[in-house]
Amino acid sequence: MLDRRLYLHLVAWLGQWPAGPGLHVVRSYRRALPAWDGRLRPAIAVGDGHGTVLSVAPRHVPAVRALSAGSRRRLFAGLPATVDHPGWVCHEDVFRWTLAPAPLPDVGEWIAPTEPGLPRWLRLFDRDVLVVRDADGRYLAGAAIKRHDAHGHELAVGTVPAARGRGLARRLVARAARRVLDEGAVPTYRHDPANVASARVAQAAGFPDRGWRSFGVYPP
């Protein structure tokens, strides 16, 4: 049985869940509103291996349904322009979630994203981020929480090249996932299917690959 938090997250985020077999284009007012970083996500889709829900703004539903009647390649190529963002990109991700993060030792500290020395991507967040610094206070790795809605929060993680191979990323993801669960939401994690390193981090942190995928239109 699907966890209720994940079900509520998908309903809130996409506008409808579950999906029957095939691809279902649904309408959601959220596609016309800023996302967690203040930018639009004009098309978002999640599939569980049996069916996929593709969420777009209500006015785009007829055109996207017509586009989706063709091949997947045609859909991906034409989706940005069909939702009025021709300069943006459409790409696919592995969609992972967990209710049991790996029991890895905690690492890092929760600090304000405005503190000096943090990379630009962490400054996009409006709440505390989880950061590992060396003895001299230099940034090594960080994780943050994309709070899509009250029921589902997506994790992001990054490390500097010199800090890779130490297991920091997986420990940060596991710790951030525990915080999300403490907040009453379900933690999710997405990555490019070709990103082997990110897949290993997710797996080690307790986010199995269940065959779920997502895709959408994103800022370049």
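Need one word for segment 89-220: rounded, prolate or oblate. Basis is the Cα gyration tensor (sqrt eigenvalues a ≥ b ≥ c); a/c below 1.5 gives rounded, then a/b vs b/c decides.
rounded
Accessible surface of Leu2 in the full protein assembly, 1.4 angstrom probe, to the nearest 10 Å²?
My reading of the accessible area for Leu2 is about 60 Å².
Select from Ala66, Ala43, Ala35 the residue whose mean-square fluctuation is largest in a Gaussian network model of the chain (Cα-Cα springs shorter than 10 Å).
Its mean-square fluctuation being the largest, the pick is Ala66.
With both partners inside segment 69-220, how many of the DSSP beta bridges are antiparallel, as a percent to the nearest 5?
The antiparallel fraction comes to roughly 85 percent.
Out of Pro62, Ile44, His9, whose Cα points farthest toward the positive end of the dipole of segment 1-127 (charges: +1 Lys, Arg; -1 Asp, Glu; placed on Cβ)?
Pro62
If you compute semi-axes √(5λ) of the Cα gyration tensor in Å for the structure shown, which of (1) 39, 16, 16; (2) 26, 24, 14; (3) 31, 19, 16 do you land on?
Recomputing semi-axes √(5λ) of the Cα gyration tensor in Å here gives the entry labelled (3).
Testing the spin-label approximation: label points 7 Å from Cα along Cα→Cβ at Asp106 and Leu124. State their distance in nm.
The answer from the label model is 2.7 nm.
What are the ³J(HN,Hα) couplings of segment 165-174, residue after residue, when phi is run through the Karplus curve with 6.51, -1.76, 1.60 and θ = phi - 60°? Round to Hz, x for glycine and proline.
Values, residue by residue: x, 9, x, 5, 4, 5, 5, 5, 5, 5 Hz.
Skip the ligands, DNA and RNA, and give the accessible area per residue of segment 1-85 with a 1.4 Å probe, whole Å².
50
Sticking with the crude label model, points 7 Å out along Cα→Cβ, report the distance from Leu2 to Ala150 in nm, one decimal please.
Going by the 7 Å Cα→Cβ label model, 1.9 nm.
Ignoring ligands and nucleic acids, what accessible area does His191 show with a 1.4 Å probe (Å², nearest 10)?
Probe radius 1.4 Å; accessible area of His191 about 10 Å².
Spelling out what I want: for every residue of segment 27-35, take phi, set θ = phi - 60°, compute 6.51 cos²θ - 1.76 cosθ + 1.60 (Karplus), and round to whole Hz; glycine and proline get x.
Result, rounded to whole Hz: 9, 8, 5, 5, 5, 9, 10, x, 8.
For the chain, give the percent of accessible area contributed by carbon and sulfur heavy atoms, probe 1.4 Å, rounded to a whole number.
Working: 5550 of 10510 Å².
Heavy-atom surface of the chain belonging to carbon and sulfur, 1.4 Å probe: 53 percent.
Please report the accessible area of Tyr7 (heavy atoms, 1.4 Å probe, ligands and nucleic acids excluded) in Å², nearest 10.
80
Rank these by accessible area, largest first, 1.4 Å probe: Asp192, Asp136, Asp37.
Asp136, Asp192, Asp37
The values are calculated or read from the model by the stated rules, or taken from the named source; none is laboratory data. Predicted, not measured: the structure shown is a model, and the values here were computed from it. Note that we place each Cβ from the backbone using ideal geometry, even for glycine, and neighbour counts take in every protein chain shown. Heads up: the accessible areas ignore ligands, DNA and RNA and are worked out on the full protein's heavy atoms, side chains in. Shrake-Rupley method; radii C 1.70, N 1.55, O 1.52, S 1.80 Å.
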